[in-house]
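*Asks:* One structure follows; several queries about it will come next.
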Amino acid sequence: MYAQMVDTGVKSLKHRSEMSADEQAFMARIDNESKIEPQDWMPDAYRKTLVRQISQHAHSEIIGMQPEGNWLTRAPTIKRKLQLAAKIQDECGHGQYLYSAAETLGVGRDQLLDQLHTGKAKYSSIFNYPTLNWADMGAVGWLVDGAAIVNQVVLQRTSYGPYSRAMIRICKEESFHQRQGYEILLTMMQKGTPAQKDMVQDAINRFWWPSLMMFGPNDDASTNSAQSLAWKIKRKSNDELRQMFIDQTVPQLEVLGCTAPDPDLQWNPETGHYDFGEIDWSEFFNVIKGNGPCNKQRLEKKVKAHENGTWVRDAAQAYATKQQAGAATKKEAS
Amino acid sequence: MTQLLTSINNDHDALNTYILRMADNGLILGQRLCEWCANAPVLEEETALMNTSLDLFGQARNWLNYAVDRDQRLQDCDAIAMLRDERSYLNLLICEQDNGHFADTMARHYLFDVWHRLTLEELCHSHDETIAAIAAKSVLEVRYHEQRSRNWVLRLGDGTQLSHERMQTAINNIWPYVAEMFDQDQLEMELMAQGIAADQTIIAKQWHDLVAQTLIEATLKTPPESYNQMGGKQGLHTESLGIMLAEMQSLYRAHPGATW
Ligand SMILES: [Fe+2]
Ligand SMILES: [Fe+2]
């Protein structure tokens with residue numbers, strides 16, 4: 001999931017009797033599964049939570065271009081380069097689309113980007129891990145886009161209309177990315193040299209746990225998660241989503257002929273789910289705090305691109321203003 | 001395979017040499033645009049640059065497939081792209097020039113795009129049916145590239161004082177690589193006589209008219225004629241190309257015989 005630990009600004013859930021008439025009507029609509037639209041009344045905290053979640057999601061799409069861009073110039077074949085370039089282009093499009101969804105809540109893209117650049121806004125922890133071999137392009141597609149889909153399929157039913165519609169559109173492309181990523185790995189495992197097979201296992205070893213962390217911390221003691229669920233911004237809890245992801249991914253792992261770096265991973269016939277080992281939450285919170293392997297580089301690169309582009313954006317603006325003025329003068333003259 | 005390619009590197013028939021020149025323009029400029037990934041000034045440009053790169057690689061693949069069809073020794077398009085050294089690459093020098101800043105990239109792009117579009121329009125009437133078909137497909141994409149890069153020449157040329165200066169410098173710096181686009185060697189003259197290759201004398205005139213108009217509109221000056229750099233089409237390149245190829249080919253070359 002591209003939005004982790006989204007702060008709702010709420011310390012405890014309100015009881016219906018504590019709500020204003022507006023809030024009660026709002027909650028009634030949520031309960032009826034009718035979508036909230038931009039012009040509708042909504043509690044301030046709901047609006048703020050949505051802006052945080054949607055922008056975090058958008059930032060993740062944009063920062064996520066970097067680990068994949070790292071291999072774009074070195075893609076091993078023309079076909080793989082075309083696929084990767086198309087995927088990166090899609091991710092950038094997702095970012096743009098999500099910024100537009102956030103704009104319907106009254107916050108502009110520039111403002112949101114500014115929060116990203118100044119380190120105030122977060123993006124998914126997963127993109128702070130380095131991509132170190134070509135199989136990472138497969139592992140990212142399969143595991144990272146895979147984990148994102150599990151979350152986003154559910155978010156298609158999220159209560160805010162524009163966000164829900166963005167998810168429907170984005171999900172189609174994400175599933176394509178996931179299949180493509182898996183196919184990269186499958187090709188290397190089935191037709192590859194021993195060195196290529198080692199790359200695949202190495203990529204899975206490095207991306208397995210960080211992918212599970214994408215769903216965020218455990219459910220217990222998460223007020224934010226509970227509030228988001230009540231508002232139906234979130235539709236399933238972190239742990240439920242993580243379990244769904246593991247259950248669908250392990251059989252695919254077996255088809256690859258690879259293993260997960262988790263000795264406790266095994267099928268539990270009683271629960272009908274896979275059991276898995278304890279996630280290293282200290283690593284997760286460290287990455288969230290900015291101490292992951294690539295936090296600094298990712299943000300620096302983004303900021304540098306933005307700063308290097310200032311004169312270009314200024315020029316485009318100046319040109320547009322001149323054109324408008326020119327058109328106005330022509331109109332007056334005629 | 002490497003040896004095989006080296007031995008036929010300079011042994012293409014005239015038509016395949018011409019096809020490879022077209023292919024290499026796409027490969028090399030496409031690769032340059034990949035380098036912009038996550039560095040663009042705005043998100044819309046991020047997607048546009050990536051899209052243009054995609055188009056160029058797609059076109060290159062079509063040209064390469066045709067070259068392989070005609071000469072089985074070439075085996076497949078990845079081997080041709082990944083195993084040739086810079087002396088065997090036949091792209092125009094303008095395509096391999098460094099990205100520089102955004103004005104450098106867009107100046108290079110626009111001057112090449114106009115040539116590319118005009119050349120492809122000519123090639124739509126080539127007596128070689130496959131060339132005509134590839135050109136017809138490519139030209140639709142390249143018209144759009146030209147529109148976009150022309151827009152940036154206008155915006156930066158007639159934007160702010162700073163962008164104006166940067167665009168003028170960019171145009172001046174890339175100008176020595178313009179003449180090569182119209183320079184026809186013996187090989188091209190012969191293919192042109194057969195109705196296969198594009199006639200660059202006609203294209204040169206149209207190109208100069210179009211570019212002059214754009215530069216005036218962008219409040220920029222056409223650089224004075226000075227010296228011209230030639231040789232790309234014959235495999236004599238600038239130093240930029242070798243480093244770029246080293247990066248592009250590194251993974252493929254590190255795993256001979258691997259399937260990706
Ligand atoms: Fe995405
Ligand atoms: Fe994706």
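*Asks:* So if I take the centroid of the Cα atoms in the stretch B:224-260 and the same for the stretch A:257-334, what is the distance between those two points in Å?
*Replies:* 32 Å
*Asks:* Apply the Karplus parameterisation 6.51 cos²θ - 1.76 cosθ + 1.60, with θ equal to phi minus 60°, to every residue of the stretch A:50-61 and state each ³J(HN,Hα) to the nearest whole Hz, in sequence, with x for glycine and proline.
*Replies:* 4, 4, 4, 5, 5, 5, 4, 5, 4, 4, 5, 4
*Asks:* Taking the Cα centre of the stretch B:2-254 as the origin, how large is its charge dipole in debye, to the nearest 20, when only Lys and Arg (+1) and Asp and Glu (-1) carry charge on their Cβ atoms? If you can, show how the numbers build up before the last one.
*Replies:* Numbers: 19 positive and 37 negative charges, 56 e Å.
That gives the stretch B:2-254 a dipole magnitude of about 280 debye.
*Asks:* Right, next: Skipping prolines and chain starts, which residues have an amide H placed within reach, meaning under 5 Å, of the one on A:HIS273, given they are 5 or more residues away or on another chain?
*Replies:* Counting only residues 5 or more places away or on other chains, the set is A:ASN268.
*Asks:* If you don't mind, another one. Counting only other chains, what is the mean number of Cβ atoms within 10 angstrom of the Cβ of each residue in peptide B:30-38? Don't skip to the end; give the middle numbers.
*Replies:* On the way: counts 4, 4, 1, 1, 9, 3, 3, 13, 17.
Mean inter-chain Cβ contacts per residue within 10 Å come to 6.
*Asks:* What ranking, highest mean first, results for peptides B:40-51, A:96-107, B:225-236 when packing means the other Cβ atoms within 10 Å averaged over each residue?
*Replies:* Numbers: B:40-51: 21.6, A:96-107: 19.2, B:225-236: 15.1.
Highest mean packing first, the order is B:40-51, A:96-107, B:225-236.
*Asks:* Moving on to the next point. Karplus couplings for the stretch A:8-21 from phi (6.51 cos²θ - 1.76 cosθ + 1.60, θ = phi - 60°), rounded to Hz, Gly and Pro as x?
*Replies:* These are the phi-based 3J(HN,Hα) values: 9, x, 10, 8, 8, 6, 7, 7, 3, 5, 7, 8, 6, 4 Hz.
*Asks:* Need one word for chain A: rounded, prolate or oblate. Basis is the Cα gyration tensor (sqrt eigenvalues a ≥ b ≥ c); a/c below 1.5 gives rounded, then a/b vs b/c decides. Provide the component values of the computation, followed by the final result.
*Replies:* Values: a/c = 2.03, a/b = 1.17, b/c = 1.75.
It is oblate, given that a/c is not under 1.5 and a/b is not larger than b/c.
*Asks:* For the stretch B:108-125, take each phi angle, set θ = phi - 60°, evaluate the Karplus expression 6.51 cos²θ - 1.76 cosθ + 1.60, and give the result in whole Hz per residue in order, putting x for glycine and proline.
*Replies:* Values per residue, Gly and Pro as x: 4, 4, 5, 4, 6, 4, 4, 4, 4, 5, 4, 5, 5, 4, 5, 5, 4, 9 Hz.
*Asks:* A:LYS197: which aspartates and glutamates have alpha carbons under 13 Å from its alpha carbon, excluding same-chain residues fewer than 8 sequence positions away?
*Replies:* In chain and number order, the partners are A:ASP136.
*Asks:* Moving on to the next point. What residues does the stretch A:288-311 have that are buried by at least 40 Å² of accessible area in the full protein assembly compared to the chain on its own, 1.4 angstrom probe?
*Replies:* Residues passing the criterion (a loss of at least 40 Å², heavy atoms only) are A:LYS301, A:ALA305, A:TRP311.
*Asks:* Let me ask something else about it. Between rounded, prolate and oblate, where does the protein assembly as shown land on the alpha carbon gyration tensor, with a ≥ b ≥ c its root eigenvalues, rounded for a/c under 1.5, else prolate if a/b exceeds b/c?
*Replies:* Values: a/c = 2.58, a/b = 1.47, b/c = 1.76.
In terms of gyration-tensor shape, oblate.
*Asks:* Then there is this: In peptide A:81-90, how many Cβ atoms from other protein chains are near each Cβ within 10 Å, on average?
*Replies:* Values: counts 11, 8, 1, 4, 13, 4, 1, 8, 9, 2.
Whole-number average of other-chain Cβ neighbours for A:81-90 is 6.
*Asks:* Name the lysines eligible as straight-distance cross-link partners of A:LYS296: C-alpha to C-alpha under 30 Å, and not fewer than 8 places from it in the same chain.
*Replies:* Straight-line reach from A:LYS296, under 30 Å: A:LYS48, A:LYS81, A:LYS87, A:LYS120, A:LYS122, A:LYS234, A:LYS304.
*Asks:* Counting only other chains, what is the mean number of Cβ atoms within 10 angstrom of the Cβ of each residue in peptide B:153-159?
*Replies:* Values: counts 0, 2, 9, 6, 2, 5, 12.
So the per-residue partner count for this stretch is 5.
*Asks:* Taking a probe of 1.4 Å and counting only protein heavy atoms, give the total accessible area buried between chains A and B in Å², rounded to the nearest 100. Walk me through the numbers on the way to the answer.
*Replies:* Values: alone 16400 and 12070 Å², together 24400 Å².
So the buried area, both faces added, is about 4100 Å².
*Asks:* Can you send over the carbon and sulfur percentage of the accessible area for the protein assembly as shown, probe radius 1.4 Å, protein chains only? Walk me through the intermediate numbers first.
*Replies:* On the way: 12550 of 24400 Å².
So the carbon and sulfur contribution to the accessible surface is 51 percent.
*Asks:* If you don't mind, there's one more thing I want to ask. Work out which residues of the stretch A:44-65 lose at minimum 30 square angstrom of accessible surface when the other protein chains are put back, relative to the chain isolated, with a 1.4 angstrom probe, and list them by number.
*Replies:* A:MET65
*Asks:* With a 10 Å radius around each residue's Cβ, average the other Cβ atoms per peptide and rank A:113-121, A:25-33, highest first. Write down the numbers at each step before the final one.
*Replies:* On the way: A:113-121: 15.3, A:25-33: 13.7.
Packing order, densest peptide first, comes out as A:113-121, A:25-33.
*Asks:* Same structure, new question: Could you pull out every residue, at least 5 positions away or on a different chain, whose amide H is within less than 5 Å of the one on A:ILE36? Hs are placed 1.01 Å off N in the peptide plane, and Pro or chain starts have none.
*Replies:* Long-range HN contacts for A:ILE36: A:TYR160, A:GLY161.
*Asks:* Give the distance, in whole Å, between the Cα centre of the stretch B:86-121 and the Cα centre of the stretch A:135-204.
*Replies:* Here the two parts' Cα centres lie 35 Å apart.
*Asks:* Using Cα atoms only, what is the angle between the long axis of helix B:43-70 and the major principal axis of chain B, expressed in degrees (0 to 90) to the nearest 10?
*Replies:* Orientation of helix B:43-70: about 30 degrees from the principal axis.
*Asks:* Still on this model: Using the heavy atoms of the protein chains alone and a 1.4 angstrom probe, what is the accessible area of the stretch B:2-254 per residue in square angstrom? Intermediate results must be reported in sequence, preceding the final value.
*Replies:* On the way: 9680 Å² over 253 residues.
Computed with neighbouring chains in place, this is 38 Å² per residue.
The values are calculated or read from the model by the stated rules, or taken from the named source; none is laboratory data. Computed from a predicted model, the values in this text were never measured in an experiment. As a convention, Cβ positions derive from the backbone with ideal geometry for all residues, glycine included, and neighbour counts pool all protein chains shown. The protein model used for the area step is the full one, side chains on, heavy atoms only, and it has no ligands, DNA or RNA in it. Shrake-Rupley method; radii C 1.70, N 1.55, O 1.52, S 1.80 Å.
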